[in-house]
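Below is one structure. I have some questions about it.
The values are calculated or read from the model by the stated rules, or taken from the named source; none is laboratory data. Keep in mind it's a predicted model, so treat the numbers as computed, not measured. A quick note on method: Cβ atoms are made from the backbone with ideal geometry, for glycine too, and the neighbour counts reach across all protein chains shown. Accessible surface is based on the protein model in full, side chains and every heavy atom, while ligands, DNA and RNA are left aside. Shrake-Rupley method; radii C 1.70, N 1.55, O 1.52, S 1.80 Å.
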Amino acid sequence: MHLLKWLGGAAVGALMLAGSPTWAVTIGFSQVGDEGDWRPAFSKDMQEEAKKEGIDLKFADAQGKEEEQLKAVRAFIAQKVDAIVIAPVVVTGWGQVLEEAKKAGIPVFLADRDVDADKSLFVTRISADFNLEGRLAGAWLAQASKGNCNIVELQGTVGSAPAIERKKGFEAVISNFPNMKIVKTQSGDFTTDGGKKVMEAFIKSTDNLKDICGVFAHNDNMQLGAIQAMKEAGLKPGKDFLMVSVDYVPAMKEALAAGDANASVELRSAIGKYIYPVMTQYLKDHKELPKWVVIPSDLHTAATPGG
Ligand code: AHR
């Protein structure tokens with residue numbers, strides 16, 4: 001079989017006795033980078049789950065650069081891996097390399113982020129619903145502010161699926177409330193440092209966040225940076241400002257417990273257990289899959305921890 005390397009003779013017997021799979025799979029994984037706390041947790045989980053599943057995982061960190069991802073995917077194609085997983089930095093620019101993988105007969109799976117390429121070029125995307133995360137954040141802010149809120153927004157990486165969809169989902173909800181509006185918005189590139197710098201600029205340009213009631217950050221790391229900037233300016237995030245973001249990483253759990261933040265939508269990072277079974281099943285039977293396998297999202301506050 002082209003995609004699976006069936007083991008022979010004694011090796012098969014030994015593996016069957018051990019109750020392990022009788023075939024070995026090599027998967028190439030092109031990861032975005034390590035821009036915040038969530039991403040390295042996701043990388044670690046993918047590596048650990050691969051080990052448990054007996055998968056040979058070739059891991060490539062693109063350090064936030066799409067060019068690096070394109071190179072990595074082409075290298076995986078040259079190495080004739082059994083399948084490729086991509087967590088794409090941005091949605092655009094994927095058509096050609098996906099065509100190349102298809103031509104080589106190597107199935108591609110998207111994990112976490114999306115692309116805007118033709119859906120026939122990948123098997124499925126396994127990820128949370130970023131639009132829902134934005135809607136959950138918007139709905140929480142609407143109820144917490146009783147529908148009255150001037151908001152500053154910290155956007156994720158420009159052109160990335162979570163930045164696009166979280167913004168859309170959030171705006172769809174707040175558009176139902178005439179007294180809720182985004183008055184300032186800028187990208188902090190999903191980093192703590194980026195969030196801090198953007199918030200420092202917002203603080204300057206709004207006379208210490210005068211008339212601002214809420215901060216929506218597309219991820220926790222930017223929110224944690226914003227909290228630092230606000231505290232340094234003598235402001236009280238979580239008390240005088242409603243703070244909502246996405247990821248629910250450990251540092252955000254601490255900020256919620258300390259009262260410096262108010263809500264965070266959980267983006268699960270331990271998702272190898274969702275991704276690998278879908279991939280290995282497909283490698284066995286090639287049955288068509290829905291184009292999106294959705295991982296659930298929940299909103300947490302200090303009063304409703306979990307996750
Ligand atoms: O694609 C998911 C987003 O990417 C996470 O919310 C963010 O922390 C990461 O950089």
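Label Gln143 and Gln96 with points 7 Å out from Cα along Cα→Cβ: what is the distance between them in nm?
Each label point lies 7 Å from its Cα, and together they span 4.9 nm.
In whole Å and largest first, what semi-axes does the C-alpha gyration tensor of the stretch 84-154 yield when each eigenvalue is scaled by 5 and square-rooted?
They are 36, 11, 8 Å, listed from largest to smallest.
Also, I was wondering about something else. Rounded to the nearest 500, what is the 222 nm mean residue ellipticity of the chain from helices alone, with -39500 (n - 2.57) per DSSP H run of 4+ residues and division by all residues?
Working: 10 runs with 126 residues, N = 307.
Value at 222 nm, helices only: -13000 deg cm²/dmol.
Moving to a separate point now. Any idea what diffusion coefficient the chain gets from Stokes-Einstein, in µm²/s, Kirkwood Rh on alpha carbon pairs, 10 °C, 1.306 mPa s? Let's see the in-between values first.
On the way: Rh = 20.5 Å.
Translational diffusion coefficient: 78 µm²/s.
What does the convex hull of the alpha-carbon atoms of the stretch 152-307 project to on average, in nm²?
About 10.6 nm², averaged over all directions.
In whole angstrom, how far apart do the alpha carbon centroids of the stretch 275-296 and the stretch 73-142 sit?
Distance between centres, Cα-based: 13 Å.
Trypsin sites (Lys or Arg not before Pro) within the stretch 78-162: which are DSSP loop residues with at most 13 other Cβ atoms inside 10 Å? Please report the intermediate quantities before stating the final value.
Numbers: sites: Lys80, Lys102, Lys103, Arg113, Lys119, Arg125, Arg135, Lys146; in loops: Lys80, Arg113, Lys146.
Hits after loop and neighbour filter: Lys80, Lys146.
Choose one answer from Gly194, Gly93, Gly156: the residue with the largest mean-square fluctuation in a GNM of the chain with alpha-carbon springs under 10 Å.
In the Gaussian network model the winner is Gly93.
Okay, moving on. Label Phe59 and Ser205 with points 7 Å out from Cα along Cα→Cβ: what is the distance between them in nm?
The modelled label-to-label distance comes out at 3.8 nm.
Now a separate question. What is the set of long-range amide H partners of Ser187 at a cut-off below 5 Å, with H atoms built 1.01 Å from backbone N?
HN-HN under 5 Å from Ser187: Gln155.
Expressed as a whole percentage, what fraction of the accessible surface of the chain belongs to carbon and sulfur atoms when a 1.4 Å probe is rolled over the protein heavy atoms? Can you show the working numbers first?
Details: 7260 of 13400 Å².
Taking all protein chains in place, the chain shows 54 percent carbon and sulfur surface.
Another one. Round to the nearest 10 and report in Å² the accessible area of Trp140, as given by a 1.4 Å probe over the protein chains' heavy atoms.
30 Å²
Tally Lys and Arg at +1 and Asp and Glu at -1 over the other residues with C-beta under 12 Å from the C-beta of Glu171: what net charge comes out?
+3
Beta carbons within 10 angstrom, averaged per residue: use that to sort the peptides 60-73, 157-170, highest first.
The peptides rank, most packed first, as 157-170, 60-73.
Which of the listed residues, Asn150, Val215, Ile55, is farthest toward the dipole's positive end in the chain, when Lys, Arg count +1 and Asp, Glu count -1 at the beta-carbon?
Working it through, the farthest residue towards the positive pole turns out to be Ile55.
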